[in-house]
Amino acid sequence: MESVKKPTMRERMEGKLGTAFAPEFLSVIDESESHAGHMGHAGGAGHGRETHFRVRIVSAKFEGLNRIDRHRVVNSILADELANGVHALALDLKAPGEMKSKVWT
């Protein structure tokens, strides 16, 4: 019998965010390794690996929402992940046309 590979935290987050926002651009970056030894990372007082992420989204669903409301909607979509292992979530959220260049700063 073949075992079914459990999706990583990053893969689960990408799936939920892709479904919710139909983004023009979506990137979920696992930054956990750069936090080794910190609170919330393996070796610290936390949950293990896959604990620190940066999410970058460009979606029309952010049009008309201020920064706080954008963060609230993303946090609500990722509530299970935040309650079950994700210790830190950095969010870069834009509506189409808000990026001055194609490079995130």
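Loop-only check: which trypsin sites (Lys or Arg not before Pro) in region 53-101 are DSSP coil with at most 12 other Cβ within 10 angstrom?
Answer in residue order: LYS100.
For region 6-13, take each phi angle, set θ = phi - 60°, evaluate the Karplus expression 6.51 cos²θ - 1.76 cosθ + 1.60, and give the result in whole Hz per residue in order, putting x for glycine and proline.
Calculated HN-Hα couplings, in order: 6, x, 6, 4, 4, 5, 5, 5 Hz.
Bear in mind that the values in this text are calculations on the coordinates, not laboratory data. Owing to the predicted nature of the structure, the values given are computational and were not obtained by experimental measurement. Positions of Cβ are generated from backbone atoms using ideal geometry, with glycine treated the same way; all protein chains shown enter the neighbour counts.
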